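These notes concern the structure reproduced below.
The values are calculated or read from the model by the stated rules, or taken from the named source; none is laboratory data. Only a predicted model underlies this, so the values are computations on that prediction, with no experimental measurement involved. Because the Cβ atoms are built from the backbone with ideal geometry, glycine has one as well, and the counts that use them run over all protein chains shown. Note: areas computed on protein heavy atoms with side chains; ligands, DNA, RNA excluded. Shrake-Rupley method; radii C 1.70, N 1.55, O 1.52, S 1.80 Å.
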Amino acid sequence: MSLLVVGLSHRSAPVSVLERASLDPDTRNKLLQDTLAAEPAAEAAVLATCNRIELYADVDKFHAGVAELSTLLAQHSGVGLEELTPYLYVHYEDRAVHHLFSVACGLDSMVVGEGQILGQIKDALARAQELHTAGRLLNDLFQQSLRVGKRAHSETGIDRAGQSLVTFGLEQLATGTTVDVWAKGKRALVIGAGSMSSLAAATLARAGVDEVVVANRTFERAERLTGILTEPGSGHAGLTARAVEMSAVPAELAAADIAVSCTGATGLVLTGQAVEAAMTGRATPLALLDLAMPRDIDAAVHRMNGVRLVDIESLAEASADAPMAHDVDRVRRIVSDEVAAFGAAQRAARITPTVVALRTMAADVVAGEMARLEGRLPGLDDKQRAEITQTVRRVVDKLLHAPTVRVKQLASEPGGAGYADALRTLFDLDPETVAAVSRADLTDAAVKNLKNRGHV
């Protein structure tokens, strides 16, 4: 089986296509299940953010896998395959590993170095684990990508190369001054209570706004967020935070200086008509930040007097000219080293079931010969029998030690996959025995994963 990723992002597709191709949580679940049901795929995971949609799979055939994954993405995104295909990219084996590690480090983000992608990768893995579509390969891959991303942020200054989309978006709104100076004393409306909206609310609170109003379809989630913002020790002294129903958004928008929207709605949350109504009779400008995909705020408000809108499309244009920190090169070296190490570990792991099957066969041979010896020399006492058994085992272990250690070393190198086949052929190992060892290892890994997550 081999790792394959098919996807599209802000680097390969215009925002208008990404917007139409966005997947809601239920659709992601269905895509995972349908991918696993497809013949070429044994494992699947979906990484979907505001500026990328990627389908990862463990496939047994490259061309069939690309065709199947592309078709599934088109079917579930609602964008026709012919229209979607020119914007799709494909990565295979080590290139797929390199791609995800780069994504985890923030090298492929719209704002280089942003760290929020790590949470999104973690969520993608959790979803695949919950639906049982992630096996050994994708579990190892995504968990290692999280470690690589954390290493990049801790060992380099990649954070200085960029910020989260929230910070970058607010910086675009605060042209000519810092966010802290621009936001101080303002009233902010945050629409949505998910991870991006929560980050926006916290960022605005730190920047010194006087009030944060949170509107969400689930009122309890809005209340929970405002409670976090104002709890003792939050560092937001003097901040007022309120939760409101979505029906209160028009009135709150009219009173706000800043509005940030990031929901999972499929239609517009703030229409041009709603923004125009909020501007009626007011003398102060209104700053709007739309971080949703598809968009929450009507793009037509760009043309309204007194309104400044920054959305995913304008962020993409602004970030294209953002300076790259010298730390980016260091992160790229980390990614390259980690890809090589991951590939070697995966190749070595593939031969382990064969080595285990070989040693199991050897143990069976020893047991069989000792049973035969028992029949021919029934007078052996326990001490003699134990000494002979130990001697035979030592001989077998010494004969197998060098070839098994060496074959593991060779298998970890590029192109080393054939050594497992050679070992099976030379020792006439039963393929089903090797497969049984692999299945047992997978079961052990699944149980260990469940224990780590508190499910066992």
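Each 10 Å bin, from zero up to the one with the longest distance, holds this percent of the alpha carbon pairs of segment 43-88: 25, 59, 16, 0. Here the dipole of segment 1-150 is about 380 debye; that uses its Cα centre as origin and unit charges on the Cβ of Lys and Arg (positive) and Asp and Glu (negative). Expressed as a whole percent, the accessible surface of segment 304-412 that belongs to carbon and sulfur atoms is 57, based on a 1.4 Å probe. Residues with beta-carbon under 14 Å from that of ALA386, excluding ALA386: net charge, scoring Lys, Arg +1 and Asp, Glu -1? So the environment of ALA386 carries a net charge of 0. Would you work out which of ASN305, ALA422, LEU288 lies farthest towards the positive end of the dipole of the chain, given +1 charges on the beta-carbon of Lys and Arg and -1 on that of Asp and Glu, about the Cα centre? Comparing the listed Cα positions along the dipole, ALA422 ranks first.
Add -39500 (n - 2.57) for each DSSP H run of 4 or more in the chain, then divide by its residues: what number comes out at 222 nm, to the nearest 500 deg cm²/dmol? Value at 222 nm, helices only: -18500 deg cm²/dmol. Taking every Cα-Cα distance in segment 75-230 and sorting them into 5 Å bins from zero, the calculated P(r) comes out as 2, 8, 13, 14, 16, 17, 14, 9, 6, 2, 0 percent.
Once the 1.4 Å probe is applied to the protein heavy atoms, the chain comes out at 48 Å² accessible per residue. Projecting the Cα atoms of GLY113, ALA349, ILE53 onto the charge dipole of the chain (Cβ charges, centred on the Cα centre) puts ALA349 farthest toward the positive pole. Basic side chains Lys and Arg get +1 at the Cβ, acidic Asp and Glu get -1 at the Cβ, and with that the dipole of the chain about its Cα centre reaches some 1060 debye. What the phi angles of segment 196-210 give under the Karplus curve with 6.51, -1.76 and 1.60, with θ = phi - 60°, is a coupling list of 5, 5, 4, 5, 5, 4, 5, 5, 5, 4, 5, 6, x, 5, 7 Hz, glycine and proline written as x. Shown here: Kirkwood radius over Cα pairs in Å, derived from the displayed model; of the candidates (1) 23.7; (2) 22.0; (3) 25.3, it corresponds to (3).
Note on segment 1-154: with neighbouring protein chains present and a 1.4 Å probe, carbon and sulfur make up 50 percent of its accessible heavy-atom surface.
Straight-line reach from LYS184: taking Cα to Cα under 16 Å and skipping same-chain neighbours fewer than 8 places apart, the aspartates and glutamates in range are GLU171, ASP210, GLU211, ASP257. Averaging 1/r over every pair of different alpha carbons in segment 321-391 and inverting the result gives a Kirkwood radius of 17.1 Å.
Give me the base-10 log of I(q)/I(0) for segment 1-111 at each q in 0.20, 0.21 Å⁻¹, Debye formula, one uniform scatterer per Cα, rounded to two decimals. With one equal scatterer per Cα and no solvent, log10 I(q)/I(0) is -1.05, -1.16.
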